[in-house]
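Just below is one structure, and these are the notes that go with it.
No value in this document is a laboratory result; all are computed from the given coordinates. Remember, predicted model here, so these are calculated numbers, not experimental data. Every residue, glycine among them, receives a Cβ derived from its backbone with ideal geometry; neighbour counts consider all protein chains shown.
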Amino acid sequence: MPNTPIILAIESSCDETSAAVIINGEVKSNIVSTQVIHEKYGGVVPELASRAHQQHILPVVESALQKAKVTKNEVDAVGFTRGPGLLGSLLVGTSFAKSFALAMNIPLIEVNHMQAHILAHFIDEPKPSFPFICLTVSGGHTQLVLVSSPLEMEVLGETQDDAVGEAFDKAAKMLGLPYPGGPMIDKHAAKGNPQAFEFPVSDMPGFTYSFSGIKTALLYFLQKEVNKNADFIDENIDDICASYQHTLIKMLLQKLRKATRKLKVKQVAIAGGVAANSGLRKAIQELAEKEGLEVFTPQFQYCTDNAAMIAMAAHFKYEAGEFSDQKISAMPRYKL
Ligand code: KG4
Ligand code: ZN
């Protein structure tokens, strides 16, 4: 095995087709093709996502190799997202990676998408040291994870219903904002008053989250207000977004603070698409200052789905000698 491995990595779990090249732990390219087709449907349509992955995967891989200035013959291993994600989407990346490994006679490395979101923290400096607690917040997941080493992670708690990204996206839909709604709410929230309206904070035991209640509360609130004034949403969009986002962030950070105190861990990190939220990034900095914690936030491009994080995870697995065989299949409900 070469000790400066060149690894090609593929991500296709949802609506981003992405390929990256990592050489000896250093990301050399990260090409992301975002499927815009879902915008007009207000959410990801699984059938359309897998078709788009099929169209994009080859050009995306070719650009990633070209940008990294490597040929396919120089690749030492291929990593891919095995799950969690949409089955049809995962199958495209999985089949591509298996075929590439077979054709080039190189090892195959399966990667858990949630583990990769956390390992995105090792792409650039500053990198957290171990142990740290990561709050992983995406469209499909909300988890508090104790990270003891690159490949040793324990889920302390997660959502029992909706993911926080869903709470953002569904609220955006109710407000008539385009998909994906998270970034739109973020934008409006930056101009609004977070104390303007009050939404309920769910209080689940331990480190369990719940975001279905606040979503329903927003729906009833909007129905009531729009009945009184048809222009209520338009007139108050910034304040509604700021108040709603503020409540989501409060829920996320309450449990994170509880976990750091209980486990006496001094380093915290955020990962996943919602980690791009500017309100959350600011609030976690403030929490860190108050609690004497060190906080790590990845670059925006490594928060939402990308293959650089899959490449980083594949690199750690390569170093640990964790390879997969050709019988491996995609796993839509792959647990961390
Ligand atoms: O990690 P990700 O790209 O895909 C999944 O694995 O789910 O996360 C996508 C989620 C979506 O719900 C999107 O609305 C949300 O991340 N998101 C944001 C922001 N940017 C992306 N949510 C709030 N504020 C943002 N700036
Ligand atoms: Zn993701």
*Stokes-Einstein D for the stretch 175-236 at 4 °C, 1.567 mPa s, Kirkwood Rh over Cα pairs, in µm²/s?*
96 µm²/s
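If you average 1/r across every pair of different Cα atoms in the stretch 96-179 and take the reciprocal, what Kirkwood value do you get, in Å?
15.4 Å
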*asked:* How many angstrom lie between the Cα centre of the stretch 1-53 and the Cα centre of the stretch 318-336?
replied: 17 Å
*Would you mind computing Rg(Cα) / (2.2 N^0.38 Å) for the stretch 128-297, counting N as its residues?*
1.05
*Distance histogram in 20 Å bins (all Cα pairs of the chain, percent per bin)*: 32, 55, 13, 0
*Note down the relative contact order for the chain as a percent, whole number, built from C-alpha pairs under 8 angstrom at least six residues apart.*
25 percent
_Among the listed pairs K282/K335; K28/K72; K170/K224, which have their C-alpha atoms separated by more than 25 angstrom in this model?_
K282/K335
*Arranged by the count of other C-beta atoms within 10 angstrom, fewest first, what order do L119, L48 take?*
L48, L119
*Just the number, please: percent antiparallel of the DSSP beta bridges in the stretch 128-297, rounded to the nearest 5.*
60 percent
*What is the set of long-range amide H partners of T159 at a cut-off below 5 Å, with H atoms built 1.01 Å from backbone N?*
T142, Y209
*Working out 0.36 nm times the residue gap between S148 and Q285, then minus their Cα-Cα distance, what length gain in nm do you get to one decimal?*
47.1 nm
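Compute the convex hull volume of the Cα atoms of the stretch 13-113, divide it by the residue count, and report the result per residue in Å³ as a whole number.
92 Å³
Sequence gap at least 6, Cα distance under 8 Å: using those rules, report the relative contact order of the stretch 143-235 to the nearest whole percent.
Across the stretch 143-235, relative contact order equals 27 percent.
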*What is the calculated FRET efficiency for E39 to M1, with r their C-beta to C-beta distance and R₀ = 45 Å, to the nearest 0.05?*
0.55
*Here are some pairs, K127/K264; K127/K215; K262/K317; which of them have Cα atoms lying more than 25 Å apart in this structure?*
K127/K215; K262/K317
_On the principal axes of its Cα set, how long, how wide and how thick is the stretch 267-336? Give whole Å, largest value first._
49, 23, 21
*asked:* Based only on other Cβ atoms within 10 Å, what is the fewest-to-most ordering of T136, T247, T81?
replied: T247, T136, T81
_Potential lengthening between E319 and Q254 on full extension [0.36 nm per residue; Cα-Cα distance subtracted]_ = 19.8 nm
*Between R333 and S129, what length comes free when the chain is fully extended (0.36 nm per residue of separation minus the Cα-Cα distance, one decimal in nm)?*
70.6 nm
*asked:* Can you tally the net charge around T94? Count Lys and Arg as +1, Asp and Glu as -1, for every other residue whose Cβ sits under 14 Å from the Cβ of T94.
replied: 0
*In whole percent, what relative contact order does the stretch 128-297 give with Cα contacts below 8 Å and a gap of six or more residues?*
28 percent
